[in-house]
Amino acid sequence: MFRTGPRNLITDVAGLTVGNAADARLKSGVTVVLCEEPAVAGVQVLGGAPGTRETDLLEPQNSIATIHAVVLSGGSAFGLDAASGVQAALREKNIGVEVGGFRVPIVPAAILFDLRNGG
């Protein structure tokens with residue numbers, strides 16, 4: 001039997017932290033889901049002009065098995081850069097996949113086209 005958490009929210013899931021920032025003037029925002037421990041993730045990309053970053057890493061045949069965060073943003077293609085800030089913050093905390101002496105945080109991202117409404 002499937003049971004939801006006490007509030008039926010993603011924040012009910014242990015080990016996930018969710019943050020959001022919005023700009024009412026721009027009518028846009030960004031949401032970040034941080035994983036306490038590396039997490040398995042999957043994605044299905046649909047639409048005629050998808051805006052994504054690092055989602056191809058989630059294909060089962062690729063070598064990356066886990067992620068450290070997910071970014072969902074407005075701002076159309078400009079919003080993809082929000083993942084760079086999350087990746088930089090995680091790297092400062094030494095979170096990420098070990099690659100030749102460096103830590104590379106895996107942060108897939110997707111955007112919404114909201115430029116027409118001011119995003």
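The values are calculated or read from the model by the stated rules, or taken from the named source; none is laboratory data. None of the values given here were measured: they were computed from a predicted structure. Don't worry about glycine lacking a Cβ; one is built from the backbone with ideal geometry, like all the others, and counts go over all protein chains shown.
I want to confirm something. Restricting to the range 86-114 and keeping residues that are in a helix (DSSP H, G or I) and not β-branched (Val, Ile, Thr), which single residue is farthest from THR52 (Cα to Cα)?
Taking the range 86-114 first, the residues in a helix (DSSP H, G or I) are 86-92.
Keeping just the survivors that are not β-branched (Val, Ile, Thr) gives 87-92.
On the way: GLN87: 15, ALA88: 18, ALA89: 20, LEU90: 19, ARG91: 21, GLU92: 24 Å.
For the range 86-114, the residue satisfying everything is GLU92.
Among the candidates ASN8, ASN20, the residue that is free of Cβ contacts under 8 Å to residues at least 24 places away in the same chain, in contact with a strand residue (DSSP E or B) (Cβ under 8 Å, 6 or more places away or on another chain) and exposed (fewer than 11 other Cβ atoms within 10 Å of the Cβ) is uniquely ASN20. Pairs are defined by a Cβ separation below 9 Å, a sequence spacing of at least 6 or placement on different chains, a first member in the range 74-85 that is within 12 Å of PRO50 (Cα to Cα), and a second member that is among the charged types (D, E, K, R); the pairs so defined are SER76/ASP114; LEU80/ARG53. Inclusion of VAL43 among residues that are surrounded by 14 or more Cβ atoms within 10 Å (Cβ to Cβ), outside any strand (DSSP E or B) and modelled with pLDDT under 95 is warranted.
Pairing each residue of the range 27-47 that is under 16 Å from GLN61 (Cβ atoms) with any residue that is of a type outside the set (A, V, I, L, M, F, W, C) and in a loop (DSSP other than H, G, I, E, B), provided the two are 6+ apart or on different chains, yields C-beta distances under 6 Å for VAL40/THR66. Residues in the range 67-102 that are β-branched (Val, Ile, Thr) and surrounded by fewer than 14 Cβ atoms within 10 Å (Cβ to Cβ): VAL99 alone.
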